[in-house]
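The values are calculated or read from the model by the stated rules, or taken from the named source; none is laboratory data. Treat the numbers as computed from the prediction; the structure is a model and nothing was measured. Glycine gets a Cβ as well: all are built from the backbone with ideal geometry, and neighbour counts include every protein chain shown. To get the accessible areas, we keep the full protein, side chains included, count just its heavy atoms, and leave off ligands, DNA and RNA. Shrake-Rupley method; radii C 1.70, N 1.55, O 1.52, S 1.80 Å.
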There are 2 protein chains.
Amino acid sequence: MKISISSFVAFALLLFLFTACNSSDQKEWAIALHGGAGTISQDLPDTIKQQYYDGLEEALRVGELVLRDGGSALDAVEQVVRNLEDNPLFNAGKGSVFTKDGTHELDAAIMDGSTLGAGALTGLTTVKNPITLARKVMTDSPHIFFSGVGAEEYANQTDVERVENDHFHTDQRYQQWQRAQEQALVDPAEAEKTSLYDWIEDLKFGTVGAVALDSDGKLAAATSTGGMTNKQFGRVGDVPIIGSGTFANHVAAISATGWGEQIMRNVSANTIANYMEFNDATLEQAIQFVLSQRLNPGDAGFIGVDRNGNLSMQMNTAGMFRASLDSDGNRVVMIWQDE
Amino acid sequence: MKISISSFVAFALLLFLFTACNSSDQKEWAIALHGGAGTISQDLPDTIKQQYYDGLEEALRVGELVLRDGGSALDAVEQVVRNLEDNPLFNAGKGSVFTKDGTHELDAAIMDGSTLGAGALTGLTTVKNPITLARKVMTDSPHIFFSGVGAEEYANQTDVERVENDHFHTDQRYQQWQRAQEQALVDPAEAEKTSLYDWIEDLKFGTVGAVALDSDGKLAAATSTGGMTNKQFGRVGDVPIIGSGTFANHVAAISATGWGEQIMRNVSANTIANYMEFNDATLEQAIQFVLSQRLNPGDAGFIGVDRNGNLSMQMNTAGMFRASLDSDGNRVVMIWQDE
């Protein structure tokens with residue numbers, strides 16, 4: 001009996017040591033953001049590269065200011081995503097890609113990990129900052145998710161800033177769309193497929209997103225997108241799907257970017273949080289699991305933060321526009337896997 | 001050293017016994033279906049009660065015939081849900097509830113656990129059997145999810161049967177909607193809330209769904225709904241959200257019914273499958289976990305089947321219209337918790 005107690009004690013000690021090795025310091029606050037993932041050419045001209053670094057730095061500063069001041073994780077992710085929506089370099093808000101019909105349809109979602117409150121929209125056409133409307137859905141509506149004309153009607157009941165659909169136009173996206181249209185003309189039967197592959201090659205024109213932990217220990221996630229170039233009218237991707245492109249609970253906050261259909265069928269963001277909770281895994285391990293065991297190379301990237309403020313930004317693509325910062329001053333601003 | 005080996009052996013033996021007790025025979029095929037969950041009055045007149053039992057029996061027979069014949073799980077769940085869509089007793093297809101604007105908007109999703117293929121639609125207005133269009137999206141489109149006008153446009157490219165929107169009209173649903181409208185007039189400020197609460201009381205007017213395992217060992221899930229009475233135009237519930245109302249993978253197939261927003265924010269169906277996979281839990285335990293630890297009493301019901309053909313139908317509401325059958329002849333047709 002004595003011996004089995006001692007082996008129990010030894011086992012418990014091992015367990016304790018294992019747990020201790022995996023735990024880490026509690027950060028006061030932490031934030032990460034992304035501007036899309038994919039095959040981003042290393043030959044990007046230095047001036048354009050610098051514009052992206054500047055854009056990431058600027059958005060990070062927006063989040064830092066909110067959190068350093070004791071602001072909420074929700075305010076931080078909303079403000080960061082608004083900033084990225086207004087930056088024409090990224091495929092969300094101003095600078096969104098064109099649909100097959102030559103228009104812009106915008107999706108967004110936000111989630112409060114402390115309450116599981118969530119707001120999501122798909123098919124917006126006149127709302128300047130979709131993420132701000134998503135937050136209003138979260139706080140003011142008994143519903144979570146509105147689509148298309150219903151989403152625009154919901155916007156009519158609020159004071160969010162409205163624009164003409166061509167506000168979202170940029171010449172770069174227009175040329176991208178024309179290329180996709182031309183490819184479709186060459187082989188109409190392949191049109192669907194072509195636009196999909198064009199987009200897979202151009203994953204960098206993906207999504208923007210942010211995740212944060214605030215000094216109250218609350219987690220939040222937000223994602224926004226202009227969708228995929230030349231996409232069919234009414235297609236809903238992973239971004240507004242709670243649990244796929246966007247998710248936050250008491251364990252972690254996650255925002256995804258990449259091939260929407262792959263992210264959706266694997267319910268990727270929720271699976272990351274569940275893997276942490278049910279498997280006693282770290283955020284790093286959980287994202288690694290989904291990227292390597294559930295998704296295929298080239299599919300996606302994720303940013304996440306856990307309740308201790310541990311940050312992780314990983315992708316199985318060549319690059320992901322990303323940046324992060326925590327209250328200990330750990331700062332990352334990167335585009336490619338290694339740089 | 002010898003002693004610690006013997007205690008290790010004893011521990012391993014216990015683990016083996018525990019696992020053995022939890023495993024069960026492999027069924028050749030199995031199917032479960034639901035027609036909504038909620039506070040279903042025990043005072044239901046016998047004639048109406050019998051109509052519901054008959055409807056459940058009939059739908060079960062449709063699935064049984066497919067699976068007994070060596071048909072696929074996908075065919076079984078599509079055919080069962082089509083049958084329930086065509087039955088005006090249930091809130092899907094014919095017999096769908098009315099939106100705030102007095103129209104019908106239908107949602108549906110289907111998922112193939114063996115490929116993670118999925119198809120989903122929200123806001124359909126003229127498609128007689130939404131589940132059949134969902135299956136076409138799954139097999140014929142590179143996308144998973146279409147909404148509103150885009151969903152109708154997708155239907156135009158297929159041969160699915162179309163109807164006028166008033167095909168979905170039934171007098172019972174019309175009266176239910178008028179009651180909701182009158183309540184809204186009494187207290188307009190409470191209109192949103194009222195329609196929500198009206199619906200919570202009337203959860204039985206929820207959703208229909210089916211899950212199946214076929215003799216090839218493949219799993220599939222399907223769900224279809226007319227949404228919630230007097231719902232705001234464009235509201236998307238849990239049904240077409242892969243991972244929330246509908247999910248299937250290599251572990252289990254699950255279909256949910258109940259308060260859509262609660263099911264969505266907890267990404268309930270995917271969480272059930274993850275809990276089984278990451279926690280080595282049974283389907284029964286996993287559904288129990290989500291119902292008791294994630295959701296609140298009165299929120300929802302789930303039907304599920306695992307890869308061994310174990311079936312589970314559980315709810316934290318007073319009742320759920322449900323039926324199940326497996327290749328060993330185990331048959332259940334029930335409405336309330338105990339009967």
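Per the helix-only calculation at 222 nm, which mean residue ellipticity applies to the protein assembly as shown, given -39500 (n - 2.57) for every DSSP H run of n ≥ 4 and division by its residues, nearest 500 deg cm²/dmol?
Working: 20 runs with 260 residues, N = 678.
The helix-only estimate for the protein assembly as shown comes to -12000 deg cm²/dmol at 222 nm.
Could you tell me how many degrees, from 0 to 90 and to the nearest 10, lie between the Cα long axis of helix B:191-201 and the main elongation axis, the longest principal axis, of the Cα atoms of chain B?
Approximately 50 degrees, to the nearest 10.
Suppose we compare each residue of region B:263-278 in its chain alone and in the full protein complex with a 1.4 Å probe; which ones drop by at least 30 Å² of accessible area?
Listed by number, the residues meeting the 30 Å² cut-off are B:Met264, B:Arg265, B:Val267, B:Asn270, B:Asn274, B:Phe278.
For a label point 7 Å from the Cα of A:Asp101 along Cα→C-beta, name the residues of region B:240-274 whose backbone N is under 12 Å from it.
none
With unit charges on the beta carbons (Lys and Arg positive, Asp and Glu negative) and the dipole taken about the Cα centre of region B:32-336, which residue among B:Phe98, B:Thr115, B:Gly36 sits farthest to the positive side?
B:Thr115
Would you grab the residues whose amide H sits under 5 Å from the one on B:Gly117? Only those 5+ places off in sequence or on another chain, please, with H modelled 1.01 Å from N.
B:Asp112
Using unit Cβ charges (K, R positive; D, E negative) and no other charged atoms, how large, in debye to the nearest 20, is the dipole of region A:32-336 about its Cα centre? Kindly include the intermediate steps, with their values, before the conclusion.
Values: 22 positive and 41 negative charges, 52 e Å.
Its charge dipole is roughly 240 debye.
Per residue of region B:31-36, in order, report the coupling 6.51 cos²θ - 1.76 cosθ + 1.60 (Karplus, θ = phi - 60°) as ³J(HN,Hα) in whole Hz, putting x for Gly and Pro.
8, 9, 9, 9, x, x
Could you order the peptides B:217-223, B:227-233 from most to least packed, using the average number of other C-beta atoms within 10 Å per residue?
Those peptides, ordered most packed to least, come out B:217-223, B:227-233.
For peptide A:242-254, how many partner chain Cβ atoms fall within 10 Å of a residue's Cβ, on average?
Mean partner shielding for this stretch: 3.
Looking only at other chains, what is the average number of their beta-carbon atoms within 10 angstrom of each beta-carbon in A:131-144?
Per residue, the average neighbour count from other chains is 3.
In nm to one decimal, list the spacings between the A:His167 label point and its equivalents in the other copies, with label points set 7 Å along Cα to Cβ, shortest first.
3.9
Inside 10 Å of the C-beta atoms of A:151-159, what's the mean count of C-beta atoms belonging to other chains? Could the numbers behind the result be given before it?
Working: counts 6, 1, 4, 4, 0, 0, 1, 0, 0.
Per residue, the number of nearby Cβ atoms from other chains is 2 on average.
How high is the relative contact order of chain A? Use alpha-carbon pairs under 8 Å, at least six apart in sequence, and give a whole percent. Before the final figure, lay out the partial values.
Numbers: 860 pairs, mean separation 85.7, N = 339.
The value is 25 percent.
For a quick protection proxy, order the peptides A:80-87, A:289-296 by their average other-Cβ count within 10 Å, most packed first.
Taking the mean over residues of other Cβ atoms within 10 Å, the ranking is A:80-87, A:289-296.
Please turn the phi angles of region A:267-275 into ³J(HN,Hα) values with the Karplus equation 6.51 cos²θ - 1.76 cosθ + 1.60 (θ = phi - 60°), one per residue in order, whole Hz, x for glycine and proline.
Each residue's phi maps through the Karplus curve to give 6, 4, 5, 5, 5, 4, 5, 5, 4 Hz.
Along each of its three principal axes, how wide is the spread of alpha-carbon positions in chain A, in whole angstrom units, largest first?
Sorted largest first, the three principal extents are 80, 42, 37 Å.
Which distance in nm do the two modelled labels at A:Asn165 and B:Glu161 give, with both placed 7 Å along the Cα-to-Cβ direction?
It is 3.4 nm.
Below 8 Å, C-alpha to C-alpha, sequence gap of six or more: please give me the relative contact order for region A:15-159 in percent.
It rounds to 15 percent for region A:15-159.
If each of A:Trp336 and B:Trp336 carries a label point 7 Å out from its Cα toward its Cβ, how far apart are those two points in nm?
Spacing of the two 7 Å Cα→Cβ label points: 6.9 nm.
Treat each spin label as a single point 7 Å out from the Cα along the C-beta direction, and report the A:Thr47 to A:Val149 distance in nm.
Computed distance between label sites A:Thr47 and A:Val149 equals 4.6 nm.
If packing is taken as the average number of other Cβ atoms within 10 Å across a peptide's residues, how do B:236-242, A:65-71 rank, most packed first?
Ranking, from highest mean packing down: B:236-242, A:65-71.
Per residue of region A:133-139, what does 6.51 cos²θ - 1.76 cosθ + 1.60 with θ = phi - 60° give for ³J(HN,Hα)? Whole Hz please, x for Gly and Pro, Karplus curve as stated.
Values, residue by residue: 5, 4, 5, 5, 4, 4, 8 Hz.
Mind giving me the FRET efficiency for A:Asn296 and B:Tyr174? R0 is 56 Å, r the Cβ-Cβ distance, nearest 0.05 is fine.
Working: r = 49 Å, r/R0 = 0.87.
In this case the efficiency is close to 0.70.
A:Thr317's amide H: which non-local residues (gap 5+, or another chain) put their own amide H closer than 5 Å, with H modeled 1.01 Å from N in plane and none for Pro or chain starts?
Sorted by chain and number, the residues that satisfy this are A:Gly298, A:Ala300.
To one decimal in nm, how far is B:Gln42 from the same spot in the other copies, if labels go 7 Å from Cα toward Cβ? Please give the shortest first.
7.3
Relative to the longest principal Cα axis of chain A, at what angle does helix A:46-68 sit, 0 to 90 degrees, rounded to 10?
50 degrees
Farthest toward the dipole's positive end in chain B, which of B:Ala73, B:Gln172, B:Gly309, given Cβ charges of +1 (Lys, Arg) and -1 (Asp, Glu) about the Cα centre?
Towards the positive end, the residue furthest out is B:Gly309.
Using a label point 7 Å beyond Cα on the Cα-Cβ vector, give me the inter-copy distances for A:Met334 in nanometres, one decimal, shortest first.
Its label point is 5.3 nm from the equivalent points in the other copies.
What is the dipole size for the protein assembly as shown, taken about its Cα centre, with +1 at each Lys and Arg Cβ and -1 at each Asp and Glu Cβ, in debye to the nearest 20?
Numbers: 48 positive and 90 negative charges, 224 e Å.
Using only the charged Cβ atoms, the result is roughly 1080 debye.
Given a 1.4 angstrom probe, I'd like the percentage of the accessible area of the protein assembly as shown that is carbon and sulfur, rounded to a whole number.
52 percent
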